[in-house]
Amino acid sequence: MARKMMGVNRGATLALLFACGLLLISTAKAVDLGPESDSDDFEDGYVEDVQEEPTAAEGDDKLAYESPVIDAKKFHFADHFDDVEASRKKWVLSQAKKDDIAEEISKYDGIWNWESPQRIVWANDLGLVLKSKAKHAAISAPLRQPFEFKQDKPLVVQYEVTLQEGQECGGSYLKLLSAGKDTEQLKAFNDKTPYTIMFGPDKCGNDVKMHFIFRHVNPINGTITEKHCNKPKNRLEEPFKDKLPHLYQLVVRPDNSFEIRVDHKIINEGSLLTDFKPPVNPPAEIDDPNDHKPEAWDEREKIPDPTAHKPDDWDEDAPPQLPDADAVMPNDWLENEPDMIFDPTATKPDDWDAEIDGEWEAPLVDNPICEKAAGCGKWKAPLIPNPKYKGKWRAPMIENPNYQGKWAPRKIANPDFFEDLKPFQMTPISAVGLELWSMSSDILFDNLIITDDVEVARDFAANSFDIKRRYIDRESDSFVNKVVELAKAYPSIWGIGLVAIVALVAITIYCRFGTAKSQDSAAKKAAAQAKKTDEPQPDDEPEAEAEGEESDLSGERAAGDSSKESTPLSASPKKNQKSDLDDKEEETKAEENQEPAQTEETTTKSRKRQARKE
């Protein structure tokens, strides 16, 4: 019966879990997501210009990876790194050294390799991997043709990064190297090599950045200044933690606008003219460096009232507190006892040197006599606030009649002023490079392209990154993940889940303890019923069978050889064993001693056994 109840309990629990799962799934299906609210793989904001992804019903063949086809005419640079031999011919490893640092760490000795990611999705999908950590690493490749900013086309830079070991401190940004003599020898590529744009993620501790820096050339004197893009509103955290591929895209347009996307989602946008520090164009006027504030210039808005006088009864020397004149020393105050005494249990250390350490004195401890008294030592009345205390007198403040305002130097025309309304026209780009230092290894770069067409970049991502991420997301898409994503999108699901969990706990407690109590109650009723009758119970049947077997055995002994009958019991191997009937009789006697109420029933059973034995 107990086994049946356990089976019922387990069945009820499994049924409840199954019902909870169906409830959550049905709720998810009942919510009308619609095409406009279709949740992207990425959070925080609206995703623009993203091609519609195929549904799971389109089949596995849609997620098969093939290296993207590169039409050289559409790209200034493109490398999917799948063709190792061709890719190695493009990239040049730096053999330079950094300046102004120790010789042993000045070399660019970081290790680069072409290999599959640690989480292999497709064996033929390779990437350029920075294998080493805590080392300077630099590698670069020339563009198929330089990118000239004079044409009426945007600059589009796009690449993938997978931080396979996460990232605590280091960068995974790239540099678009400026055309010129300094970039002709890529083996000398280092941190001082001129670049036009630096773009990509960077992190060290809690400082998370998405770099977009461009070097602006002063049209008057030719000096170069780095312009740093303002930080995005939302912090970029997930790419440094989740160890998944992420797509970074920078678009700079001829109208001076720019967009930065991560996984197709815009995280920052603005204008080259207004969203960089320092600004591209300097102010038209500046403070005159030769203008100085006059000595008589009065910047005080308020001054002490010169007509005010200190009152005659104002006592500046009155203390803030006075001894309480009404206080009386408690009767049990011990004035003759010090509150601190030398520790009587202390002993001078063996290594104490009086000439060096001075005369030894035992440390002071609280006087134990004072613990039971109100206090010890000289008694002092407690302090109370002084009603006559007013503090130092100060004249009240009034408006300054001679106030002239805050002084500021006069403005003059900025001799270095210029107005560049087309900062998009930057220094041409002739190469792309990775010059990094990181405390994490195995940083994988993939599908790096530079083009002048946003649609070309989007199609390239659709045939590489998008397929890869859909495959990874589908492989990791379990029931738990679906529930979590659904709960994020619709917080009301948490309420439904909570109700289901509470119901599950309640039913489990009932099945565990409620059925046990009912079984105990049924057992007690059966025992009570058995006490009221002399009918043989199931427990008596084995005893009867044992008695019958012993009777048969006695008959066999009687009919057997007399020598066997004369064998002493002590010589038998079973001399210390008792029959089942004897055990039952002993148990019966114990029950008679413990439960007097069962005496009549026990006596009846004993008579039956004796009759059978005779």
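The values are calculated or read from the model by the stated rules, or taken from the named source; none is laboratory data. These numbers were taken from a predicted model, which means no experiment stands behind them. Every residue, glycine as well, gets a Cβ built from its backbone with ideal geometry; the counts of neighbours run over all protein chains shown. Accessible surface is based on the protein model in full, side chains and every heavy atom, while ligands, DNA and RNA are left aside. Shrake-Rupley method; radii C 1.70, N 1.55, O 1.52, S 1.80 Å.
Each of Arg235 and Ser271 was given a label point 7 Å from its Cα along the Cα-to-Cβ line. The distance between the two points is 3.1 nm. Counted residue by residue at 0.36 nm each, then reduced by the alpha carbon distance between them, the extension gain from Lys131 to Asp416 reaches 97.9 nm.
If r is the Cβ-Cβ distance from Asn290 to Asn218 and R0 is 25 Å, what FRET efficiency results, to the nearest 0.05? Working shown, then result.
Numbers: r = 24 Å, r/R0 = 0.96.
Approximately 0.55, to the nearest 0.05.
Highest mean packing comes first when the peptides 181-194, 319-332 are listed by Cβ atoms within 10 Å, giving 181-194, 319-332. Is the C-alpha gyration tensor of segment 309-429 telling us rounded, prolate or oblate? Criteria: a/c under 1.5 is rounded; beyond that, a/b larger than b/c is prolate, otherwise oblate. Verdict is oblate for segment 309-429. For segment 240-342, what % of the accessible area comes from carbon and sulfur atoms, probe 1.4 Å? Ligands and nucleic acids excluded, carbon and sulfur give 51 percent. The overall shape of segment 422-475 is oblate: from the C-alpha gyration tensor, with semi-axes ordered a ≥ b ≥ c, the ratio a/c is 1.5 or greater and a/b is no larger than b/c.
Between Asn331 and Tyr65, the simple spin-label model (points 7 angstrom out along Cα→Cβ) gives 9.4 nm. With a ≥ b ≥ c the root eigenvalues of the C-alpha gyration tensor of segment 129-202, is it rounded (a/c under 1.5), prolate (a/b larger than b/c) or oblate? Oblate shape, in that a/c is at least 1.5 and b/c is the bigger or equal ratio. Close amide-amide hydrogen proximity is noted between Ile266 and Glu48, each under 5 Å apart and 5 or more residues distant or on a separate chain (H modeled in the peptide plane; Pro and chain starts excluded). Rolling a 1.4 Å probe over the heavy atoms of the protein chains gives segment 408-456 an accessible area of 40 Å² per residue.
Under a Cβ-Cβ cut-off of 11 Å, what is the net charge of the residues other than Glu435 that fall near it, where Lys and Arg count +1 and Asp and Glu count -1? Numbers along the way, then the final one.
On the way: positive: Lys98, Lys175, Lys192; negative: Asp191.
Spelling it out: positives minus negatives among the neighbours equals +2.
A crude spin-label estimate for the pair Ile341 and Lys153, with each label 7 Å from Cα along the Cβ direction, gives 9.9 nm.
Lys and Arg at +1, Asp and Glu at -1: add these up for the other residues within a Cβ distance under 12 Å of Arg300 and post the number. Don't skip to the answer; put the middle values down first.
Details: positive: Lys302, Lys406; negative: Asp298, Glu299, Glu301, Glu399.
Summing Lys and Arg as +1 and Asp and Glu as -1 gives -2.
Cβ under 13 Å from Thr162's Cβ, Thr162 left aside: what net charge do those residues give with Lys, Arg +1 and Asp, Glu -1? The answer is -4. Per-atom-type breakdown for segment 415-472 gives carbon and sulfur 48% of the accessible area (1.4 Å probe, protein chains only).
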